[in-house]
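Read-outs throughout are calculated quantities, based only on the coordinates presented, and are distinct from any laboratory measurement. Worth saying up front: this structure is predicted, and the values here are computed from it rather than measured.
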Amino acid sequence: MGYGFFAADLQAMRTAEQGVRDAVKELAEMSGGGGIGDAMGASGHGLVQECMDNAPRIGSGGMLPAMLIGFADKWSWGTRFLVEDGVAAADALAEVRAEYLATDQAAIRALGGVHQARQG
């Protein structure tokens, strides 16, 4: 879509949107959320739960399990914000793409009559 000096690549916007959604989904799943809609993944606290669940396998003694849980707890808020902001960014890309498409279609309809009148 574009004319001369101005162009908007709708396919690039669609690809970017899907890439962001895929990254957010993977991040939520890595955080123990199992997907964007899952409460643990959406809250970012799945990583803490995952670390707590796996701490006995890491070892009951030493500082590593406690340090891993502490790390996960600190990053849980960052994960939450990344998931929320990622979903918002993907939604914004979809909205912008839809607006460009609607505007382009409206211009084609409006100018179609002018083009047909000039040909007739």
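Extension gain for the segment Ala110 to Asp91, taken as residue separation times 0.36 nm less the Cα-Cα distance, is 4.0 nm to one decimal. Between Arg14 and Ala102, the contour length at 0.36 nm per residue exceeds the Cα-Cα span by 30.2 nm.
Sequentially through region 83-91, phi angles give Karplus couplings (6.51, -1.76, 1.60; θ = phi - 60°) of 5, 4, 5, x, 4, 5, 5, 5, 4 Hz, Gly and Pro residues having no value and appearing as x.
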